[in-house]
Amino acid sequence: MPELALDMVIAGALVWLGVHVQRSPDTFTAVVVFIVLGLVMALAWVRLAAPDIALAEAAVGAGLTGALLLDAVRQLESGRARAASPTARAPRSGRRAGLLAIPLLLAAATLLWIVADLSALQGDMAVIVAGRLSDTGVTQPVTAVLLALRAFDTWLETAVLLAAALGVLALRRSHDVGEHVPAPPASDVAILGALARVIVPILVLVGAYLLWLGTRAPGGAFQAGAVIAAAAVLLLLAGHPSITALGPAMLRAALLMAVVAFALAAAVPLALGDRMLQLPRSVAPGVIVALETMVTVAVAATLASVFAGARPAPSPDSETAVGARDR
Amino acid sequence: MIRELLALPLLFAGVAFFVAGTVGLLRFPGVHARLHGLAKADNLGLGCVAVGLAIRADSPAVVVKLLLVWIFALVSSATASYLIARASLPAAVPIDRGPDDA
(Lines give C-alpha, C1' and ligand atoms only; values in the text may rest on other atoms or scores of the structure.)
Protein backbone atom coordinates (compact mmCIF):
# COMPACT_ATOMS: atom_id res chain seq x y z
CA MET A 1 0.00 0.00 0.00
CA PRO A 2 2.73 2.55 0.80
CA GLU A 3 4.45 1.60 -2.46
CA LEU A 4 1.31 2.33 -4.41
CA ALA A 5 1.03 5.76 -2.80
CA LEU A 6 4.67 6.49 -3.64
CA ASP A 7 4.18 5.32 -7.23
CA MET A 8 1.12 7.48 -7.67
CA VAL A 9 2.92 10.50 -6.26
CA ILE A 10 5.80 9.94 -8.67
CA ALA A 11 3.48 9.44 -11.65
CA GLY A 12 1.46 12.55 -10.77
CA ALA A 13 4.65 14.55 -10.30
CA LEU A 14 5.91 13.44 -13.73
CA VAL A 15 2.72 14.60 -15.44
CA TRP A 16 2.61 17.88 -13.50
CA LEU A 17 6.28 18.64 -14.19
CA GLY A 18 5.84 17.82 -17.86
CA VAL A 19 2.96 20.25 -18.17
CA HIS A 20 4.91 22.83 -16.17
CA VAL A 21 7.90 22.67 -18.53
CA GLN A 22 5.60 23.59 -21.37
CA ARG A 23 3.81 26.39 -19.56
CA SER A 24 6.80 28.09 -17.95
CA PRO A 25 6.99 31.84 -18.56
CA ASP A 26 10.67 31.82 -19.51
CA THR A 27 13.21 29.35 -20.80
CA PHE A 28 15.36 29.34 -17.66
CA THR A 29 12.43 28.19 -15.50
CA ALA A 30 11.53 25.62 -18.12
CA VAL A 31 15.06 24.18 -18.08
CA VAL A 32 15.15 24.00 -14.28
CA VAL A 33 11.78 22.22 -14.21
CA PHE A 34 13.09 19.89 -16.94
CA ILE A 35 16.06 18.96 -14.71
CA VAL A 36 13.69 18.21 -11.84
CA LEU A 37 11.60 16.12 -14.27
CA GLY A 38 14.73 14.13 -15.14
CA LEU A 39 15.41 13.42 -11.46
CA VAL A 40 11.84 12.31 -10.77
CA MET A 41 12.06 10.13 -13.88
CA ALA A 42 15.15 8.49 -12.40
CA LEU A 43 13.08 7.74 -9.28
CA ALA A 44 10.41 6.23 -11.51
CA TRP A 45 12.98 3.96 -13.15
CA VAL A 46 14.11 2.77 -9.72
CA ARG A 47 10.51 1.96 -8.85
CA LEU A 48 10.28 0.00 -12.12
CA ALA A 49 13.27 -2.11 -10.99
CA ALA A 50 15.60 -0.70 -13.67
CA PRO A 51 18.53 0.82 -11.74
CA ASP A 52 20.77 0.94 -14.83
CA ILE A 53 18.37 3.20 -16.65
CA ALA A 54 17.87 5.25 -13.46
CA LEU A 55 21.62 5.87 -13.28
CA ALA A 56 21.75 6.85 -16.95
CA GLU A 57 18.69 9.10 -16.61
CA ALA A 58 20.12 10.91 -13.58
CA ALA A 59 23.56 11.36 -15.12
CA VAL A 60 22.66 12.15 -18.73
CA GLY A 61 19.02 13.18 -18.73
CA ALA A 62 19.04 15.38 -15.65
CA GLY A 63 22.70 16.26 -15.27
CA LEU A 64 24.42 16.71 -18.60
CA THR A 65 21.37 17.60 -20.68
CA GLY A 66 20.41 20.11 -18.00
CA ALA A 67 23.86 21.67 -18.12
CA LEU A 68 23.69 21.79 -21.93
CA LEU A 69 20.26 23.45 -21.89
CA LEU A 70 21.32 26.00 -19.26
CA ASP A 71 24.35 26.85 -21.35
CA ALA A 72 22.14 27.24 -24.42
CA VAL A 73 19.72 29.48 -22.51
CA ARG A 74 22.62 31.66 -21.40
CA GLN A 75 23.91 32.02 -24.94
CA LEU A 76 20.41 32.71 -26.25
CA GLU A 77 19.89 35.42 -23.63
CA SER A 78 23.20 37.09 -24.43
CA GLY A 79 22.42 36.93 -28.13
CA ARG A 80 18.97 38.36 -27.57
CA ALA A 81 20.37 41.18 -25.46
CA ARG A 82 22.80 41.98 -28.21
CA ALA A 83 20.09 42.04 -30.83
CA ALA A 84 18.33 44.72 -28.73
CA SER A 85 14.97 43.97 -30.22
CA PRO A 86 12.18 43.09 -27.82
CA THR A 87 10.89 39.66 -28.69
CA ALA A 88 7.39 39.49 -27.37
CA ARG A 89 6.13 36.03 -26.68
CA ALA A 90 3.84 35.33 -29.63
CA PRO A 91 0.42 34.05 -28.62
CA ARG A 92 -0.07 30.49 -29.73
CA SER A 93 -2.75 30.16 -32.37
CA GLY A 94 -5.36 27.57 -31.50
CA ARG A 95 -5.26 25.92 -34.93
CA ARG A 96 -1.52 25.36 -34.80
CA ALA A 97 -1.79 23.78 -31.38
CA GLY A 98 -4.61 21.59 -32.67
CA LEU A 99 -2.54 20.36 -35.63
CA LEU A 100 0.36 19.60 -33.31
CA ALA A 101 -1.90 17.48 -31.14
CA ILE A 102 -2.54 14.90 -33.90
CA PRO A 103 0.98 13.43 -34.23
CA LEU A 104 1.40 13.64 -30.45
CA LEU A 105 -1.79 11.65 -29.90
CA LEU A 106 -0.66 9.12 -32.51
CA ALA A 107 2.69 8.75 -30.73
CA ALA A 108 0.97 8.35 -27.36
CA ALA A 109 -1.39 5.72 -28.76
CA THR A 110 1.52 3.82 -30.31
CA LEU A 111 3.39 3.88 -27.00
CA LEU A 112 0.35 2.61 -25.12
CA TRP A 113 -0.09 -0.18 -27.65
CA ILE A 114 3.58 -1.17 -27.31
CA VAL A 115 3.34 -1.19 -23.52
CA ALA A 116 0.20 -3.33 -23.63
CA ASP A 117 1.95 -5.79 -25.94
CA LEU A 118 5.09 -5.74 -23.80
CA SER A 119 3.52 -7.08 -20.64
CA ALA A 120 2.66 -10.28 -22.50
CA LEU A 121 6.34 -10.67 -23.41
CA GLN A 122 7.80 -9.69 -20.06
CA GLY A 123 8.02 -13.08 -18.41
CA ASP A 124 9.49 -14.79 -21.44
CA MET A 125 12.27 -12.25 -21.93
CA ALA A 126 13.73 -12.51 -18.44
CA VAL A 127 13.69 -16.30 -18.67
CA ILE A 128 15.36 -16.30 -22.10
CA VAL A 129 18.13 -13.97 -20.96
CA ALA A 130 18.68 -15.95 -17.76
CA GLY A 131 19.02 -19.10 -19.84
CA ARG A 132 21.64 -17.57 -22.12
CA LEU A 133 23.55 -15.78 -19.35
CA SER A 134 26.17 -18.49 -18.96
CA ASP A 135 27.07 -18.26 -22.65
CA THR A 136 27.81 -14.58 -22.53
CA GLY A 137 30.64 -14.40 -19.99
CA VAL A 138 29.07 -11.78 -17.73
CA THR A 139 26.74 -12.26 -14.81
CA GLN A 140 24.59 -9.14 -15.04
CA PRO A 141 21.61 -9.58 -17.37
CA VAL A 142 21.53 -5.96 -18.57
CA THR A 143 25.19 -5.98 -19.56
CA ALA A 144 24.71 -9.39 -21.16
CA VAL A 145 21.91 -8.04 -23.31
CA LEU A 146 23.73 -4.82 -24.19
CA LEU A 147 27.14 -6.22 -24.98
CA ALA A 148 26.70 -9.86 -25.87
CA LEU A 149 23.20 -10.81 -26.98
CA ARG A 150 22.40 -7.48 -28.66
CA ALA A 151 25.87 -6.14 -29.24
CA PHE A 152 24.91 -5.07 -32.74
CA ASP A 153 22.39 -2.60 -31.33
CA THR A 154 25.01 -1.15 -29.00
CA TRP A 155 27.36 -0.78 -31.97
CA LEU A 156 24.73 1.22 -33.81
CA GLU A 157 24.16 3.32 -30.68
CA THR A 158 27.83 4.26 -30.62
CA ALA A 159 27.53 5.24 -34.27
CA VAL A 160 24.55 7.45 -33.38
CA LEU A 161 26.61 9.09 -30.63
CA LEU A 162 29.37 9.73 -33.14
CA ALA A 163 26.89 11.31 -35.53
CA ALA A 164 25.59 13.57 -32.74
CA ALA A 165 29.12 14.65 -31.82
CA LEU A 166 29.93 15.37 -35.47
CA GLY A 167 26.76 17.41 -35.80
CA VAL A 168 27.60 19.62 -32.84
CA LEU A 169 31.28 19.96 -33.69
CA ALA A 170 30.38 20.97 -37.24
CA LEU A 171 28.81 24.07 -35.72
CA ARG A 172 31.91 24.93 -33.75
CA ARG A 173 33.24 27.44 -36.26
CA SER A 174 29.95 29.29 -36.46
CA HIS A 175 30.50 32.91 -35.52
CA ASP A 176 27.13 33.87 -34.12
CA VAL A 177 27.14 31.18 -31.43
CA GLY A 178 29.03 31.70 -28.20
CA GLU A 179 31.49 34.29 -29.44
CA HIS A 180 30.21 37.06 -27.22
CA VAL A 181 29.29 35.07 -24.15
CA PRO A 182 30.40 37.17 -21.15
CA ALA A 183 33.10 35.52 -19.09
CA PRO A 184 32.02 34.31 -15.63
CA PRO A 185 33.28 36.46 -12.73
CA ALA A 186 36.65 35.49 -11.31
CA SER A 187 35.16 34.55 -7.94
CA ASP A 188 32.91 31.98 -9.60
CA VAL A 189 35.86 30.47 -11.40
CA ALA A 190 37.83 30.34 -8.14
CA ILE A 191 35.01 28.59 -6.31
CA LEU A 192 34.43 26.12 -9.12
CA GLY A 193 38.18 25.56 -9.33
CA ALA A 194 38.29 24.66 -5.63
CA LEU A 195 35.34 22.31 -6.10
CA ALA A 196 36.94 20.78 -9.19
CA ARG A 197 40.16 20.04 -7.34
CA VAL A 198 38.19 17.96 -4.84
CA ILE A 199 35.47 16.46 -7.00
CA VAL A 200 37.10 15.65 -10.36
CA PRO A 201 39.39 12.88 -9.05
CA ILE A 202 36.42 11.39 -7.20
CA LEU A 203 34.26 11.59 -10.32
CA VAL A 204 36.90 9.79 -12.38
CA LEU A 205 37.15 7.13 -9.67
CA VAL A 206 33.36 6.73 -9.54
CA GLY A 207 33.29 6.44 -13.34
CA ALA A 208 35.93 3.73 -13.32
CA TYR A 209 34.06 1.96 -10.49
CA LEU A 210 30.76 2.07 -12.43
CA LEU A 211 32.54 0.66 -15.48
CA TRP A 212 34.06 -2.19 -13.52
CA LEU A 213 30.81 -2.81 -11.68
CA GLY A 214 28.85 -3.12 -14.90
CA THR A 215 29.69 -6.76 -15.39
CA ARG A 216 28.06 -7.87 -12.15
CA ALA A 217 25.70 -5.14 -10.90
CA PRO A 218 23.85 -2.09 -12.21
CA GLY A 219 26.37 0.19 -13.82
CA GLY A 220 28.11 0.00 -17.13
CA ALA A 221 29.69 1.98 -19.89
CA PHE A 222 27.09 4.69 -20.55
CA GLN A 223 26.75 5.64 -16.92
CA ALA A 224 30.52 5.66 -16.41
CA GLY A 225 31.00 7.77 -19.53
CA ALA A 226 28.37 10.25 -18.34
CA VAL A 227 30.07 10.63 -14.94
CA ILE A 228 33.47 11.23 -16.53
CA ALA A 229 31.90 13.70 -18.97
CA ALA A 230 30.46 15.51 -15.95
CA ALA A 231 34.01 15.79 -14.58
CA ALA A 232 35.18 17.26 -17.89
CA VAL A 233 32.27 19.72 -17.91
CA LEU A 234 33.10 20.79 -14.34
CA LEU A 235 36.70 21.40 -15.37
CA LEU A 236 35.49 23.45 -18.32
CA LEU A 237 33.29 25.59 -16.08
CA ALA A 238 36.23 26.11 -13.72
CA GLY A 239 38.29 27.67 -16.49
CA HIS A 240 40.40 24.65 -17.35
CA PRO A 241 40.69 23.89 -21.07
CA SER A 242 39.45 20.36 -20.37
CA ILE A 243 38.24 18.58 -23.50
CA THR A 244 39.21 21.50 -25.74
CA ALA A 245 42.87 20.87 -24.88
CA LEU A 246 42.74 17.59 -26.80
CA GLY A 247 44.22 18.12 -30.21
CA PRO A 248 42.05 17.27 -33.22
CA ALA A 249 43.77 13.91 -33.70
CA MET A 250 43.24 12.82 -30.08
CA LEU A 251 39.64 14.06 -30.10
CA ARG A 252 38.88 12.12 -33.26
CA ALA A 253 40.51 9.02 -31.79
CA ALA A 254 38.45 9.33 -28.61
CA LEU A 255 35.20 9.81 -30.53
CA LEU A 256 35.87 6.97 -32.97
CA MET A 257 37.21 4.50 -30.45
CA ALA A 258 33.95 2.72 -29.69
CA VAL A 259 32.73 2.37 -33.27
CA VAL A 260 36.10 1.03 -34.43
CA ALA A 261 36.37 -1.36 -31.48
CA PHE A 262 32.96 -2.82 -32.26
CA ALA A 263 33.89 -3.06 -35.92
CA LEU A 264 36.99 -5.04 -34.97
CA ALA A 265 34.93 -7.27 -32.67
CA ALA A 266 32.63 -7.87 -35.63
CA ALA A 267 35.32 -8.33 -38.28
CA VAL A 268 37.68 -10.70 -36.47
CA PRO A 269 35.13 -13.48 -35.83
CA LEU A 270 33.88 -13.02 -39.39
CA ALA A 271 37.41 -13.50 -40.72
CA LEU A 272 37.86 -16.58 -38.55
CA GLY A 273 34.72 -18.18 -39.91
CA ASP A 274 32.21 -17.38 -37.12
CA ARG A 275 29.31 -14.98 -37.31
CA MET A 276 29.74 -11.25 -36.78
CA LEU A 277 30.26 -10.24 -33.13
CA GLN A 278 30.22 -13.86 -32.01
CA LEU A 279 32.81 -14.14 -29.23
CA PRO A 280 34.09 -17.54 -28.04
CA ARG A 281 33.31 -18.22 -24.41
CA SER A 282 36.96 -18.02 -23.27
CA VAL A 283 37.70 -14.51 -24.54
CA ALA A 284 34.19 -13.08 -24.06
CA PRO A 285 34.64 -11.49 -20.59
CA GLY A 286 37.89 -9.76 -21.57
CA VAL A 287 36.56 -8.51 -24.89
CA ILE A 288 33.37 -7.26 -23.26
CA VAL A 289 35.33 -5.30 -20.66
CA ALA A 290 37.51 -3.85 -23.42
CA LEU A 291 34.44 -2.89 -25.45
CA GLU A 292 32.86 -1.30 -22.38
CA THR A 293 36.02 0.75 -21.78
CA MET A 294 36.01 1.98 -25.37
CA VAL A 295 32.34 2.89 -25.10
CA THR A 296 33.05 4.77 -21.86
CA VAL A 297 35.79 6.82 -23.48
CA ALA A 298 33.63 7.53 -26.53
CA VAL A 299 30.57 8.50 -24.46
CA ALA A 300 32.67 10.77 -22.22
CA ALA A 301 34.38 12.41 -25.19
CA THR A 302 31.08 12.86 -27.05
CA LEU A 303 29.18 14.38 -24.14
CA ALA A 304 32.06 16.63 -23.11
CA SER A 305 32.72 17.88 -26.64
CA VAL A 306 28.98 18.43 -27.22
CA PHE A 307 29.00 20.66 -24.12
CA ALA A 308 32.19 22.43 -25.15
CA GLY A 309 31.19 22.40 -28.79
CA ALA A 310 30.17 25.92 -29.62
CA ARG A 311 32.01 27.69 -26.82
CA PRO A 312 35.25 29.53 -27.38
CA ALA A 313 38.15 28.03 -25.43
CA PRO A 314 38.50 29.70 -22.00
CA SER A 315 41.09 32.46 -22.03
CA PRO A 316 44.32 31.41 -20.31
CA ASP A 317 45.00 34.85 -18.87
CA SER A 318 42.45 34.51 -16.08
CA GLU A 319 44.50 34.39 -12.90
CA THR A 320 42.35 31.97 -11.01
CA ALA A 321 41.69 29.44 -13.75
CA VAL A 322 42.65 25.93 -12.71
CA GLY A 323 44.80 25.25 -15.75
CA ALA A 324 46.41 28.67 -15.89
CA ARG A 325 47.99 28.51 -12.48
CA ASP A 326 50.18 25.59 -13.40
CA ARG A 327 51.72 27.34 -16.35
CA MET B 1 14.66 -4.32 16.21
CA ILE B 2 16.64 -1.88 18.31
CA ARG B 3 18.22 -0.50 15.17
CA GLU B 4 14.78 0.27 13.81
CA LEU B 5 13.93 2.11 17.03
CA LEU B 6 17.10 4.17 16.74
CA ALA B 7 16.68 4.88 13.05
CA LEU B 8 13.03 5.87 12.96
CA PRO B 9 13.28 9.14 14.95
CA LEU B 10 16.25 10.16 12.83
CA LEU B 11 14.35 9.50 9.63
CA PHE B 12 11.35 11.46 10.87
CA ALA B 13 13.62 14.30 11.96
CA GLY B 14 15.19 14.32 8.50
CA VAL B 15 11.80 14.58 6.83
CA ALA B 16 10.82 17.36 9.25
CA PHE B 17 13.96 19.31 8.34
CA PHE B 18 13.18 18.90 4.64
CA VAL B 19 9.64 20.15 5.18
CA ALA B 20 11.02 23.12 7.12
CA GLY B 21 13.41 23.91 4.30
CA THR B 22 10.61 23.70 1.75
CA VAL B 23 8.41 26.00 3.83
CA GLY B 24 11.31 28.43 3.95
CA LEU B 25 11.67 28.18 0.17
CA LEU B 26 8.01 29.02 -0.29
CA ARG B 27 7.66 31.74 2.34
CA PHE B 28 10.92 33.64 2.70
CA PRO B 29 11.33 36.89 0.79
CA GLY B 30 14.15 37.05 -1.68
CA VAL B 31 16.77 34.66 -2.99
CA HIS B 32 19.25 34.96 -0.15
CA ALA B 33 16.80 34.22 2.65
CA ARG B 34 15.52 31.21 0.74
CA LEU B 35 19.06 29.99 0.06
CA HIS B 36 19.89 30.33 3.74
CA GLY B 37 16.89 28.27 4.79
CA LEU B 38 17.39 25.64 2.11
CA ALA B 39 21.11 25.18 2.59
CA LYS B 40 20.90 24.70 6.33
CA ALA B 41 17.70 22.71 6.64
CA ASP B 42 18.09 20.45 3.61
CA ASN B 43 21.66 19.47 4.40
CA LEU B 44 20.81 18.71 8.01
CA GLY B 45 17.77 16.75 6.84
CA LEU B 46 19.90 14.77 4.43
CA GLY B 47 22.37 14.09 7.23
CA CYS B 48 19.63 12.77 9.51
CA VAL B 49 18.22 10.57 6.74
CA ALA B 50 21.70 9.29 5.85
CA VAL B 51 22.56 8.42 9.46
CA GLY B 52 19.14 6.83 9.96
CA LEU B 53 19.59 4.65 6.88
CA ALA B 54 23.16 3.87 7.87
CA ILE B 55 21.96 2.50 11.18
CA ARG B 56 19.68 0.12 9.31
CA ALA B 57 22.29 -0.83 6.73
CA ASP B 58 23.41 -4.40 6.15
CA SER B 59 27.13 -3.95 5.60
CA PRO B 60 29.89 -1.41 6.35
CA ALA B 61 30.21 -0.67 2.62
CA VAL B 62 26.64 0.66 2.52
CA VAL B 63 27.33 2.84 5.59
CA VAL B 64 30.42 4.34 3.95
CA LYS B 65 28.49 4.97 0.72
CA LEU B 66 25.65 6.72 2.55
CA LEU B 67 28.05 8.96 4.46
CA LEU B 68 29.89 9.74 1.22
CA VAL B 69 26.55 10.69 -0.37
CA TRP B 70 25.98 13.16 2.48
CA ILE B 71 29.47 14.63 2.22
CA PHE B 72 29.24 15.08 -1.56
CA ALA B 73 25.80 16.66 -1.24
CA LEU B 74 27.21 19.07 1.37
CA VAL B 75 30.14 20.04 -0.83
CA SER B 76 28.12 20.53 -3.99
CA SER B 77 25.26 22.38 -2.28
CA ALA B 78 27.74 24.71 -0.57
CA THR B 79 29.31 25.52 -3.92
CA ALA B 80 25.98 25.95 -5.67
CA SER B 81 24.62 28.14 -2.84
CA TYR B 82 27.64 30.39 -3.00
CA LEU B 83 27.39 30.74 -6.76
CA ILE B 84 23.66 31.46 -6.66
CA ALA B 85 24.09 33.99 -3.85
CA ARG B 86 26.84 35.77 -5.76
CA ALA B 87 24.84 35.81 -8.97
CA SER B 88 21.74 37.17 -7.21
CA LEU B 89 23.47 40.07 -5.47
CA PRO B 90 21.95 42.69 -7.80
CA ALA B 91 18.47 41.38 -7.00
CA ALA B 92 18.94 41.12 -3.23
CA VAL B 93 15.89 41.90 -1.10
CA PRO B 94 16.77 44.10 1.91
CA ILE B 95 15.85 42.67 5.30
CA ASP B 96 13.03 44.53 7.01
CA ARG B 97 14.36 46.26 10.08
CA GLY B 98 11.89 46.55 12.93
CA PRO B 99 11.48 49.70 15.06
CA ASP B 100 13.88 48.30 17.70
CA ASP B 101 16.82 47.86 15.32
CA ALA B 102 19.23 50.70 14.70
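The values are calculated or read from the model by the stated rules, or taken from the named source; none is laboratory data. Remember, it's a predicted structure, so these values are computed and weren't measured experimentally. Here the Cβ positions follow ideal geometry from the backbone for every residue, glycine too, while neighbour counts run over all protein chains shown. We work out accessible area using only protein heavy atoms, side chains counted, and drop any ligands, DNA or RNA first. Shrake-Rupley method; radii C 1.70, N 1.55, O 1.52, S 1.80 Å.
Things to note:
- Rounded to the nearest 10 Å², the accessible area of A:LEU64 at probe 1.4 Å: 10 Å²
- In chain B, the DSSP-assigned H stretches of four residues or longer account for a calculated mean residue ellipticity at 222 nm of -27500 deg cm²/dmol, using -39500 (n - 2.57) per stretch and the full residue count as denominator.
- 0 to 90° range, to nearest 10: angle between helix B:31-55 axis and chain B longest Cα axis: 10 degrees
- Per-residue accessible area (protein heavy atoms, 1.4 Å probe) orders A:GLU292, B:GLU4, A:GLU57 as B:GLU4, A:GLU57, A:GLU292, starting from the largest.
- Inter-probe distance in nm under a simple model that places probes 7 Å from Cα toward Cβ, at A:ASP117 and A:LEU205: 4.8 nm
- Taking the longest Cα principal axis of chain B as reference, the axis of helix B:2-27 is set at about 20 degrees.
- Rg over Rh for the protein assembly as shown works out to 0.98, using Cα positions for both radii and the Kirkwood form for Rh.
- Accessible surface of chain B [probe 1.4 Å, protein heavy atoms]: carbon and sulfur percent: 73 percent
- For chain B, modelled as a GNM whose springs connect Cα atoms under 10 angstrom apart, the maximal fluctuation among B:GLY24, B:GLY47, B:GLY14 occurs at B:GLY24.
- Taking all protein chains together and a 1.4 Å probe, the residues A:ASP7, A:ASP117, B:ASP58, A:ASP52 rank B:ASP58, A:ASP117, A:ASP7, A:ASP52 from largest to smallest accessible area.
- Accessible-area ranking of A:ARG197, A:ARG275, A:ARG95, largest first, probe 1.4 Å: A:ARG95, A:ARG275, A:ARG197
- For B:VAL69, the accessible area of its heavy atoms, probed at 1.4 Å with every protein chain present, is near 80 square angstrom.
- Loop-located trypsin sites (Lys or Arg not before Pro) in the stretch B:1-99 (DSSP state not H, G, I, E or B) with no more than 13 neighbouring Cβ atoms inside 10 Å: B:ARG97.
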